[in-house]
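The values are calculated or read from the model by the stated rules, or taken from the named source; none is laboratory data. Since this is a predicted model, take the numbers as computed values, not measurements. Here the Cβ positions follow ideal geometry from the backbone for every residue, glycine too, while neighbour counts run over all protein chains shown. Areas reflect the complete protein model, heavy atoms only, side chains present, ligands, DNA and RNA absent. Shrake-Rupley method; radii C 1.70, N 1.55, O 1.52, S 1.80 Å.
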Amino acid sequence: MAFTNRQTRPVRRPADGSMPRPSDAVIPHEQHLHPSGRTQAPSRTRSRAHAWDAGVFFSVMLLMIIGLIALFSASYTNAMFYQGSATHFIAQQGGFALLGVIAMIVISNFNYHIYARFSSLIMTVSIVLLILVAIPGIGTVRNYSRRWLFGFQPSELAKIAVIICFAYWIARNSKSIRSFKGLIRPYGFLLAAYCVLLFLEPHTSAMLIICGTGVLILVAGGMRLWYFVPISIAGAAAVTVFYFSFPHVRDRFAVWLDPFANLTEDGWQGAMGQIAIGSGGLFGLGLGNSVQKQLYLPEPQNDFIFAIWCEEMGLIGALLVMLLFGYLIVRGFRIAQAAPDKFGFLLATGITIKLAIQTLMNLFVVTGLIPVTGASLPFFSYGGTALLMQLGEMGILLNVSRYMRAHARQEE
């Protein structure tokens, strides 16, 4: 599929007869639209590939390295007790991290417009995989949830599929989201399909991340703000239905309000997490010296890894990690703002929004600000599929940064 209103120019062959350099390739431009829906004249400047955004690359690498250190420190007791090897989790995560960095670098060299061409295929594959996961006997059940398909978590593919599809659909026809009917099809249909399939697993955090990311991409693309009224009503209705339909949802709300009231069951993890954070103080107990990871806090290498980091590195270490995430998110929005076309703007915006939502959800859960949802901390929590997809998304963001408009690069 191709963008409408493209503006292309032939690449001139050098006078010496040699072939043009790859950096001379021209990205096809579409008619650029502001989030407000106003139309600008198509850009008359060429977009040449240049060096990627160093701030994004090094912040991602630093977060991943700190995440691997935090994972090993948080997991070696559980790994030794349950797996028989203290390096079980870090060895697997380290392998995925290496593959992910290679994938990030490779993906950063692919013109991001290629994802528009394959958006329908990516969406179809993600839906098919989610259907397969929901079939008993095919999907793998862990902790009362069926979320894995032969070790792969299709919900991670669904997150990037929503970003790519929404970005392409809006870039192709931005007027579609200016009417309520246009929002229902195809945007509402796709979100509803993902919610139904994730509901069957169940995977509440993935539903929240996908819906939140999708809605905010629509806002960035020019959706009328008063549409938030019916969307908010629908969201409140969904939460109400979940609350009264599922006992485990009601239990999570009760545990969230007072985790120490139910220490023998669901409140244990939240209570131990808060104890870990409070025990860290200003400077922490020291790397490797956590008490709560000694079989008190369940699976400290997953959703509550930040609690162990706070216990060992204290408030100073926690602020360092939060500042790194904040810096990466700001850089992501800056890349989006300087993208050469609508698709690049929405693609970078969606990836950055998804990172921000998932990070905040995890931090809010660990600190007790919202109920436990199962959202992992990007680059930190154990999980090969999530780490690979997150690094791949950073590769797409880096590629968009290679075509940032000239005035944005000059501000560096």
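Just one of the listed residues (Phe343, Phe380) is open to solvent by less than 10 Å² (accessible area, probe 1.4 Å), within 24 Å of Asn109 (Cβ to Cβ), of a type in the set (Phe, Trp, Tyr) and touching a residue at least 60 places away in the same chain (Cβ under 8 Å), and it is Phe343. Return the pairs, sorted by first residue and then second, in which the second residue is open to solvent by 50 Å² or more (accessible area, probe 1.4 Å), the first residue lies in segment 283-304 and is at positive phi, the beta carbons are less than 7 Å apart, and the residues are 6+ apart or on different chains. Filtered contacts from segment 283-304: Gly284/Met313; Leu295/Phe81. Residues in segment 255-264 that are farther than 17 Å from Gln292 by Cα and loosely packed, with under 15 Cβ neighbours inside 10 Å: Leu257, Asp258, Ala261. From the list Arg13, Arg48, the lone residue that is modelled with pLDDT of 50 or more, of a type in the set (D, E, K, R) and in a loop (DSSP other than H, G, I, E, B) is Arg48. For segment 151-175, the set of residues classified as among the small types (Gly, Ala, Ser) and either open to solvent by 20 Å² or more (accessible area, probe 1.4 Å) or not in a helix (DSSP H, G or I) (or both) consists of Gly151 only. Counting residues in segment 392-408 that are modelled with pLDDT of 95 or more, touching a Ser or Thr at 6+ places or on another chain (Cβ under 6 Å) and of a type in the set (Phe, Trp, Tyr) gives zero. Please determine, by comparing only the residues of segment 114-125 that are surrounded by fewer than 21 Cβ atoms within 10 Å (Cβ to Cβ) and not hydroxyl-bearing (Ser, Thr, Tyr), which one is farthest from Ile308 (Cα to Cα). Once the filter is applied, the top-ranked residue is Arg117.
Any residue that is in a helix (DSSP H, G or I), basic (Lys, Arg) and either farther than 25 Å from Gln92 by Cβ or over 10 Å from the mean Cα position of the chain (by Cα) (or both) - is there at least one of those in segment 341-356? Yes, there is a match, as at least one residue in segment 341-356 is in a helix (DSSP H, G or I), basic (Lys, Arg) and either farther than 25 Å from Gln92 by Cβ or over 10 Å from the mean Cα position of the chain (by Cα) (or both).
Here's the yes/no breakdown for (1) in a helix (DSSP H, G or I); (2) in contact with a helix residue (DSSP H, G or I) (Cβ under 7 Å, 6 or more places away or on another chain):
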position: Trp52; (1), (2): no, yes
position: Phe57; (1), (2): yes, yes
position: Met61; (1), (2): yes, no
position: Gly67; (1), (2): yes, no
position: Phe72; (1), (2): yes, yes
position: Phe81; (1), (2): yes, no
position: Ser85; (1), (2): no, yes
position: Phe89; (1), (2): yes, yes
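Which of the residues spanning segment 96-112 are open to solvent by 20 Å² or more (accessible area, probe 1.4 Å) and touching a residue at least 24 places away in the same chain (Cβ under 8 Å)? Passing the criteria: Phe96, Leu99, Val101, Ala103, Ile105, Val106, Ile107, Asn109, Phe110, Asn111.
Write out, first by first residue and then by second, each pair whose Cβ atoms fall under 7 Å of each other, whose residues are 6+ apart or on separate chains, and whose first residue, in segment 214-231, is within 24 Å of Ile160 (Cβ to Cβ) while the second is open to solvent by less than 10 Å² (accessible area, probe 1.4 Å) and among the small types (Gly, Ala, Ser). Pairs that qualify, where the first residue is within 24 Å of Ile160 (Cβ to Cβ) and the partner is open to solvent by less than 10 Å² (accessible area, probe 1.4 Å) and among the small types (Gly, Ala, Ser), are Ile217/Ala167; Ile217/Gly350. Within segment 310-323, can one find any residue that is within 16 Å of the chain's Cα centre (by Cα) and open to solvent by less than 30 Å² (accessible area, probe 1.4 Å)? No: segment 310-323 contains no residue that is within 16 Å of the chain's Cα centre (by Cα) and open to solvent by less than 30 Å² (accessible area, probe 1.4 Å).
Filtered by the rule that a residue be free of Cβ contacts under 8 Å to residues at least 60 places away in the same chain, open to solvent by 20 Å² or more (accessible area, probe 1.4 Å) and more than 14 Å from Ile210 (Cβ to Cβ), segment 177-200 gives Ser179, Phe180, Lys181, Ile184, Arg185, Pro186.
Considered as a group, the residues in segment 271-306 that are of a type in the set (Ser, Thr, Tyr) and in a loop (DSSP other than H, G, I, E, B) include one that is most open to solvent (accessible area, probe 1.4 Å), and that residue is Tyr296. Taking segment 383-397 as the range and being in contact with a Gly (Cβ under 6 Å, 6 or more places away or on another chain) and either without any contact (Cβ under 8 Å) to a residue 40 or more places away in the chain or open to solvent by 10 Å² or more (accessible area, probe 1.4 Å) (or both) as the test, only Leu388 passes. Checking every residue in segment 156-172 against the condition of being farther than 29 Å from Ala54 by Cα and charged (D, E, K, R) gives at least one match.
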